[in-house]
Amino acid sequence: MKNIVVFASGSGSNFQAIINAVEDGRIHADITGLIASKPDIGAIKKAEAAKIPYQIIRRPDFDNESQFTEALLTTLSKWNPDLIVLAGYMVRLPEEIIRKYPKRIINIHPSLLPKYGGKGYYGLKVHQAVLESGDHETGCSVHYVNEIYDDGPVIKQTKVPVLPDDTPHSLSERVLKEEHKLLPAVINKLLTQN
Ligand code: GAR
C-alpha cells in the first residue's frame, strides 16, 4: 500500500475529499498523517474524525528555517510518504524538503496556472483577480512543487466558467467543487503509475 501525507492550513475541504476517496476506494493508499501549519483549523478536526494522525508544525515556533525543516523531515520520515499533497497549505515549503522528495510533492491551486499564481495569489484573492481581469474562464490546477511558489509543472487542470453575476465567493465555491474531483483523481493516477 502507498502512503500519502497531507499538508494543510485551512478548512481542509480538499483533505476531506482525499479522505473520502480513500474510504470509497477511488484512491488505493493510506493517509499516514496530516501536517497542520497552525492549531484550530478545520483540517485537524477532519483528521480527528477520520482517525488520521496529525502534527502541528508552526514556523513561528522555531528560531530558524533549519530547525523548522528538521521538524518537518522528522515527521515525514515517520510517515514515510510516497506522495506529499499540499491541500491549502499556505506556508512556503523549505527547499530541503522539496529536494528530498523529487516529483513526489504536489499542490492544488484555485486558478488555471500560470495565471494568478505566485506571491499574493491565494484563497479569495485569486478569484477577486480573475473577476477584475474580465476573464470568462478560470479553474483549478494540480502541479508538482518546485522551489518557486506555484511554478512547478502542471499535471492536470479543470476549467470552470466565470458567470456575469459572480462574486469572489460564488466563484470560489464553483472552483472548489472541481478541486474536490481533480485532486483525488490526480493522486490516484500518480500512485498507480509509479
Ligand atoms: C483551496 O481552494 C486551494 O486550492 C487553495 O486554498 C484552498 C484551501 O481550501 N490553495 C491555494 O490558494 C494555494 N496557493 P481547503 O482548506 O478547504 O481545502
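Pull up all non-local amide H partners of Met90: gap of 5 or more, or a different chain, and H-to-H distance under 5 Å with H placed in the peptide plane.
The answer is Ser9.
Determine the gain in length on full extension of the stretch Ala50-Glu95; use 0.36 nm per residue of separation and subtract their C-alpha separation, reporting nm with one decimal. It would help to have the intermediate numbers written out before the result.
Details: separation 45, 0.36 × 45 = 16.20 nm, distance 3.04 nm.
So the extension gain works out to 13.2 nm.
For segment 75-133, state the semi-axes of the equivalent ellipsoid (square roots of 5 times the eigenvalues of the alpha-carbon gyration tensor), sorted largest first and rounded to whole angstrom. Show your work: numbers first, answer last.
Working: eigenvalues 153, 21, 20 Å².
Ellipsoid semi-axes (Å, largest first): 28, 10, 10.
Please compute P(r) over all alpha-carbon pairs of the chain, binned at 5 Å starting from zero, and give each bin as a whole-number percent.
Result returned by the calculation: 1, 8, 17, 20, 21, 16, 10, 5, 2, 0.
Quick one: if the Förster radius is 35 Å, what FRET efficiency do Leu131 and Lys103 give, using the C-beta to C-beta distance and rounding to 0.05?
Numbers: r = 34 Å, r/R0 = 0.98.
Rounded to the nearest 0.05, the efficiency is 0.55.
Stretch Ile155-Gln67 to full length: gain in nm at 0.36 nm per residue minus the Cα-Cα span? It would help to have the intermediate numbers written out before the result.
On the way: separation 88, 0.36 × 88 = 31.68 nm, distance 3.14 nm.
Full extension of this stretch gives 28.5 nm more.
Starting from the Cα of Arg58, step 7 Å along the direction of its Cβ; do the same at Glu147; then give the gap between the two resulting points in nm.
Going from the Arg58 label point to the Glu147 one covers 3.0 nm.
Sorted from fewest to most neighbouring beta carbons within 10 Å, what does the list Ile97, Ile18, Ile84, Ile106 look like? Kindly include the intermediate steps, with their values, before the conclusion.
Values: Ile97 17, Ile18 27, Ile84 24, Ile106 21.
If I rank by nearby Cβ atoms, fewest first, I get Ile97, Ile106, Ile84, Ile18.
Based on DSSP, what percent of beta bridges with both residues in segment 70-155 are antiparallel, to the nearest 5?
On the way: 5 of 8 bridges.
Here the share of antiparallel DSSP bridges comes out near 60 percent.
With the contact rule set at Cα under 8 Å and sequence spacing of 6 or more, what percent relative contact order holds for segment 12-91? Working shown, then result.
On the way: 73 pairs, mean separation 24.9, N = 80.
The value is 31 percent.
Using the Karplus curve 6.51 cos²θ - 1.76 cosθ + 1.60 with θ = phi - 60°, work out ³J(HN,Hα) for each residue of segment 125-142 in order, rounded to whole Hz, and write x for Gly and Pro.
Couplings: 4, 5, 5, 4, 5, 4, 5, 5, 6, x, 4, 9, 9, 9, x, 9, 9, 10 Hz.
Pull out the extension gain between Asp30 and Thr192, defined as 0.36 nm times the separation in residues minus the alpha carbon to alpha carbon distance; nm, one decimal. If you can, show how the numbers build up before the last one.
Numbers: separation 162, 0.36 × 162 = 58.32 nm, distance 1.31 nm.
Separation in residues times 0.36 nm, less the Cα-Cα distance, equals 57.0 nm.
Starting from the 7 Å offset along Cα-to-Cβ, what nm value, one decimal, do you get for the label separation of His169 and Glu23?
In this crude spin-label approximation the distance works out to 2.8 nm.
Just order 51-63, 114-126, 140-152 by mean Cβ neighbour count inside 10 Å, highest at the front, would you? Let's see the in-between values first.
Values: 51-63: 13.8, 114-126: 15.8, 140-152: 19.0.
Top to bottom by mean Cβ count within 10 Å: 140-152, 114-126, 51-63.
Mind running the shape call on segment 36-118? Use the C-alpha gyration tensor, a ≥ b ≥ c as the square roots of the eigenvalues: rounded below 1.5 for a/c, prolate if a/b tops b/c, oblate otherwise.
On the way: a/c = 1.37, a/b = 1.11, b/c = 1.24.
It is rounded, given that a/c, with a ≥ b ≥ c, falls under 1.5.
Can you work out the Karplus-derived ³J(HN,Hα) for every residue in segment 82-93? Use 6.51 cos²θ - 1.76 cosθ + 1.60 with θ = phi - 60°, whole Hz, and x for glycine or proline.
Per-residue couplings from phi come out as 7, 9, 10, 10, 8, 10, x, 9, 9, 10, 6, 6 Hz.
Report relative contact order for the chain in percent, whole number only (criteria: Cα-Cα under 8 Å, sequence separation at least 6). If you can, show how the numbers build up before the last one.
Values: 364 pairs, mean separation 42.0, N = 194.
Relative CO of the chain lands at 22 percent.
Using helices alone, I'd like the mean residue ellipticity at 222 nm for the chain: each DSSP H run of four-plus residues gives -39500 (n - 2.57), total over residue count, nearest 500.
Working: 6 runs with 76 residues, N = 194.
Result for the chain: -12500 deg cm²/dmol, rounded to the nearest 500.
Using a/c under 1.5 as the rounded threshold, could you call segment 116-194 rounded, prolate or oblate? The axes a ≥ b ≥ c are square roots of the C-alpha gyration tensor eigenvalues, and prolate needs a/b larger than b/c, oblate otherwise. Present the calculation step by step, with values, prior to reporting the outcome.
Numbers: a/c = 2.65, a/b = 1.55, b/c = 1.72.
Judged from the Cα gyration tensor, segment 116-194 comes out oblate (a/c at least 1.5, b/c at or above a/b).
Starting from the amide H of Leu112, placed 1.01 Å from N in the peptide plane, find each other amide H under 5 Å away whose residue is 5 or more places distant or on another chain.
Correct list: Gly139.
Apply the Karplus curve 6.51 cos²θ - 1.76 cosθ + 1.60, θ = phi - 60°, to the phi angles in segment 4-16 and return the couplings in whole Hz, x for Gly and Pro.
Coupling constants for segment 4-16: 10, 10, 10, 10, 8, 10, x, 5, x, 5, 5, 4, 4 Hz.
Read-outs: derived from the displayed coordinates by stated rules, not from any lab. None of the values given here were measured: they were computed from a predicted structure. Glycine also receives a Cβ, built like all others from the backbone with ideal geometry; neighbour counts cover every protein chain displayed.
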